[in-house]
Amino acid sequence: MTDVAVGVDIGGTSSRALAVHADGRLAGRGSSGGGNPNSHPPAHAAKRVAEAVAAAVPDGAVVVGCMLGLAGESKFTDKTVVAVFETALRQVGVGCRIDVVSDAEVAFASATSSLDGTVVIGGTGSVAARIVARRKESWRGGWGWLLGDEGSAYWIGRAAVRSTLSVLQSTEAIGPLATAVLTEAIGSFADDAPGRRLALSKLITAANSEAPIRLARFASLVSSSAPTDPVAAAIVAEAAGLLAEQAHLARRSGETTPVVLAGSVIGPASPVGAALRERLTGEVLFAPDGAVGAAWLAALEAWGPEAPRPIV
């Protein structure tokens, strides 16, 4: 029998598992669909997480550490949800304790071996967290689309649609961003007074007929339009400023610990990410793979503080 530790980076659209040996060597990988119980019925979510774990753990291996990382980990304060996940994971051979941490903690651990620092997540939602001893001590933001998520893909997409509606109600020229938003949302349109009125009605109807979080899909149009459209560039700058403010509020004055960035909105090639990095001090790193962080946290729980970072 071979002992392994397994970590799972659980998302709303996909779940990725990584199993490692005590010396850090990769034992296996697995993936499945979205397994976040905040986005899917718990039984369905648990089944997907169990599928990813089963694919990652080699035949005959004994799981001695299991770490689940996800946004909205407070869902696991519900004993019913815990029971559903425990049942699903026991059925695929996980007999050890199952630990749950936030996506911020697995993102931080995936990028650095430092014990303390800050992580900023800019994806569909946004949050900045202070990490102490590899655990989330406090955080700023993370309130969800209705109450916050400033600088997130949702916030950026909403700003893009709002700016487009404003242009349609004016005599201003329809710029690259507004053109891209209209094309994505309603298709073709005529740039004259009747055409603008029709496009305005269609865009309002299209935006309000879908789940609000679907506005996040327009964020990529802001990024692609920013080099040539001052409206898009202004949205990028404001988003970066809001995320930087969250990061600064999460950190102590004069702190020089690493800042880890995670999420598609603030990735290495993102204009929001570039603008955000200019506003941050200290070492700034990118989270490469949350599953690596989850697996290492599982290994640390299983084998102690000397467990090496996974070799992947």
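Just so it is clear, none of the values below were taken in a lab; they were calculated from the coordinates. Predicted, not measured: the structure shown is a model, and the values here were computed from it. Reconstructed Cβ throughout: ideal geometry from the backbone, glycine too, with neighbour counts over all protein chains shown.
If you keep only loop residues by DSSP, which GluC sites (Glu not before Pro) in the stretch 253-312 have at most 16 other Cβ atoms within 10 Å of their Cβ? All intermediate terms of the calculation are to be shown ahead of the outcome.
Working: sites: Glu255, Glu278, Glu283, Glu301, Glu306; in loops: Glu255, Glu283, Glu306.
Filter output for the stretch 253-312: Glu255, Glu283, Glu306.
With each label point set 7 Å from Cα along the Cα-Cβ vector, what nm distance links Leu26 and Ala43?
Between Leu26 and Ala43, the label points sit 3.5 nm apart.
Please give the helix 176-186 orientation as an angle from the longest Cα principal axis of the chain, in degrees from 0 to 90, rounded to the nearest 10.
Approximately 80 degrees, to the nearest 10.
If you stretched the chain out fully between Asp3 and Glu86, how much longer would it get, using 0.36 nm times the residue separation minus the C-alpha to C-alpha distance? Please report the intermediate quantities before stating the final value.
Values: separation 83, 0.36 × 83 = 29.88 nm, distance 1.94 nm.
Stretched fully, the Asp3-Glu86 segment lengthens by 27.9 nm.
How far, in nm, would the chain grow between Lys79 and Ala206 when pulled straight, counting 0.36 nm per residue and subtracting the alpha carbon separation? Write out the running numbers ahead of the final one.
Details: separation 127, 0.36 × 127 = 45.72 nm, distance 3.89 nm.
Taking 0.36 nm per residue and subtracting the Cα distance, the gain is 41.8 nm.
Could you state the number of Å between the C-alpha centres of the stretch 1-80 and the stretch 244-312?
When both Cα centres are located, 21 Å separates them.
Just in the stretch 81-177: which trypsin sites (Lys or Arg not before Pro) are loop by DSSP and have at most 14 other Cβ atoms within 10 Å? Walk me through the numbers before you get to the answer.
Values: sites: Arg90, Arg97, Arg130, Arg134, Arg135, Lys136, Arg140, Arg158, Arg162; in loops: Arg97, Arg134.
Those that pass, being in a loop and sparsely packed, are Arg97.
Please give the calculated 222 nm ellipticity per residue for the chain, where each DSSP H segment of at least 4 residues contributes -39500 (n - 2.57) and the sum is spread over every residue; nearest 500 deg cm²/dmol?
Details: 10 runs with 130 residues, N = 312.
That calculation yields -13000 deg cm²/dmol at 222 nm.
Please work out the FRET efficiency for the pair Asp192 and Ser166, using the Cβ-Cβ distance as r and a Förster radius of 30 Å; give the result to the nearest 0.05. Before the final figure, lay out each step's value.
Numbers: r = 18 Å, r/R0 = 0.60.
Taking R0 as 30 Å, the efficiency between Asp192 and Ser166 is 0.95.
So if each residue of separation counts as 0.36 nm, and I subtract the Cα-Cα distance between Glu255 and Glu306, what length gain in nm does that give? Don't skip to the end; give the middle numbers.
Working: separation 51, 0.36 × 51 = 18.36 nm, distance 2.58 nm.
Extra length from Glu255 to Glu306 when fully extended: 15.8 nm.
Could you tell me the distance between the Cα centroids of the stretch 177-224 and the stretch 91-149, to the nearest Å?
Value for the Cα centre distance between the two parts: 34 Å.
Of all DSSP beta bridges in the chain, what percent run antiparallel (nearest 5)?
Within the chain, antiparallel bridges account for around 55 percent of the total.
Going by how many other beta carbons lie within 10 Å of each one, how would you line up Phe108, Phe85, fewest first? Spell out each step's value before the answer.
On the way: Phe108 32, Phe85 25.
Result, fewest neighbours first: Phe85, Phe108.
Exactly which chymotrypsin sites (Phe, Trp or Tyr not before Pro) in the stretch 118-177 are in a DSSP loop and have at most 16 other Cβ atoms within 10 Å?
Numbers: sites: Trp139, Trp143, Trp145, Tyr154, Trp155; in loops: Trp143, Trp145.
Filter output for the stretch 118-177: Trp143.
So what are the stretch 115-257's ellipsoid semi-axes, whole angstrom, largest first, if each one is the square root of 5 times an eigenvalue of the alpha-carbon gyration tensor? Could you put the intermediate results ahead of the total?
On the way: eigenvalues 252, 44, 20 Å².
Computed over the stretch 115-257, the values are 36, 15, 10 Å.
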